[in-house]
1. How large, in Å, is the range A:8-147 by the Kirkwood hydrodynamic radius built from its alpha-carbon pairs?
2. Apply 1/(1 + (r/R0)^6) to the Cβ-Cβ distance of residue B:189 and residue A:249, taking R0 = 60 Å, and write down the FRET efficiency to the nearest 0.05.
3. Within a 10 angstrom radius of each residue's Cβ in B:160-168, how many Cβ atoms of other chains show up on average? Whole number is fine.
4. Based only on other Cβ atoms within 10 Å, what is the fewest-to-most ordering of B:187, A:10, A:225, B:3?
5. What is the gain in length, in nm to one decimal, between residue B:95 and residue B:149 on full extension, counting 0.36 nm per residue of separation less the C-alpha to C-alpha distance?
6. Listing B:55, A:153, B:142 from the residue with the fewest other Cβ atoms within 10 Å to the one with the most, what is the order?
7. Would you mind pulling out the separation of the Cα centroids of the range A:164-183 and the range A:107-151, in Å?
8. Hey, rough spin-label estimate for residue B:173 and residue A:153, points 7 angstrom out along Cα→Cβ, what's it come to in nanometres?
């Protein structure tokens with residue numbers, strides 16, 4: 001009944017980070033007064049790239065990095081030395097650069113950064129992205145009143161993350177759910193979210209034996225997939241980031257079947 | 001954390017999907033009953049049918065007609081009479097609040113069936129591997145396996161009208177209060193049924209009419225005999241068992257010491273000598 005493939009240890013680390021995100025979001029909320037007006041925004045482009053200023057102040061971002069670092073070194077003490085070396089050498093200039101590159105998800109930049117500073121290749125980007133998440137959540141909060149009016153094709157209307165997760169709520173309503181900024185918005189049930197094709201004969205489901213809560217929706221037109229979680233069946237409300245992680249087996253299945261980006 | 005199932009009868013359309021989902025998930029056999037003159041499929045819950053959709057044709061006080069439906073299943077009482085009377089301690093309350101029967105421990109004594117304030121738990125017949133026919137107490141478990149795995153119970157999961165919802169008891173209470181305000185206009189007698197006599201239940205109702213209309217007891221209580229049995233008689237019985245064992249033992253030892261048989265033999269001999 002539980003096909004989860006993520007190890008207990010890693011799941012606990014991620015849950016701790018997610019909890020930390022919530023704490024940080026609450027703390028930064030007062031200091032970061034994001035006010036967005038729908039009239040100034042184009043409804044066909046995600047909100048994040050349309051912002052005139054950065055939604056992430058350098059000072060708070062540094063605090064966020066510090067907090068995520070402490071969670072990481074608490075769960076994986078062997079990373080402690082590497083982490084403190086990384087954060088101790090971060091200049092204010094680096095911080096501003098990190099914000100810019102993590103917002104645009106520039107893995108290449110962080111890999112070069114790791115090489116230059118003799119760090120594990122995954123570490124700088126992981127830290128940068130996790131530290132950015134609370135700000136993404138705050139942005140999503142500010143967009144919530146009008147996000148359902150946005151019509152952005154293929155990506156999250158708030159942060160621009162490509163679609164990969166949706167939840168089916170009561171009465172079969174389908175909500176797309178962004179694991180990066182936790183934005184949720186209603187979508188048509190029978191339509192590919194990637195290409196907009198709504199011919200039912202081109203849309204299929206792949207179900208996993210004995211997993212009644214999650215399945216894949218695949219589109220034969222654009223060869224993309226979307227993970228569907230029937231949250232109606234679950235007792236607890238879970239964040240998109242956690243649902244995304246717990247259904248990672250679906251990504252393996254979909255990609256093995258030849259669906260997804262670049263397949 | 002205490003969980004509860006809220007049955008909002010005012011939303012129910014009597015589709016009976018909950019009955020089918022229950023049979024399906026719990027792998028219960030079909031049990032056809034003779035037509036009893038109503039649309040209701042079974043007269044009441046029993047060992048093979050853990051939930052029954054009750055259908056009532058009801059004339060309101062103002063002379064109007066209402067169809068009243070109620071998903072009927074184990075109430076999962078906070079203070080469960082069945083648990084109190086079970087001599088084998090086969091019935092227990094889990095950490096989530098649902099009452100379950102351990103089939104390995106149940107001996108089919110039927111004390112629970114006689115003491116259930118809602119007349120829900122019943123015996124069902126089974127044939128064991130050895131070909132022996134036995135009876136075991138059976139009732140709704142609130143899909144214990146599912147809820148322990150973080151899933152909704154089968155009936156709540158299938159309910160398309162959200163007439164059956166499952167979640168934290170305090171949240172369900174709030175939901176029930178909110179719904180009560182919404183339905184008051186249409187059903188002036190509407191009320192929440194979460195009887196205090198059994199300390200509240202983990203299946204509770206938003207009823208459209210008085211409980212009696214739905215054949216529910218106004219103020220169910222754990223039978224006094226049940227309380228006496230579990231809280232006093234049973235522990236005392238165990239203590240008394242020790243006392244009698246001691247009595248038997250001491251009796252055996254004193255008998256041995258006095259060696260009555262020996263005396264009898266001697267006596268016999270004297271008798272015989274007397275005769276001689």
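Just so it is clear, none of the values below were taken in a lab; they were calculated from the coordinates. Because the structure is a prediction, the values reported are computed rather than measured. All Cβ positions, even for glycine, are placed from backbone atoms using ideal geometry, and neighbour counts span all protein chains on display.
1. 16.0
2. Once the sixth-power term is evaluated, E becomes 0.75.
3. For peptide B:160-168, the averaged partner shielding equals 2.
4. If I rank by nearby Cβ atoms, fewest first, I get A:10, B:187, B:3, A:225.
5. Length gained between residue B:95 and residue B:149: 18.1 nm.
6. Taking fewest neighbouring Cβ atoms as first place, the list is A:153, B:55, B:142.
7. A separation of 20 Å, based on Cα centres.
8. Modelled inter-label distance: 5.2 nm.
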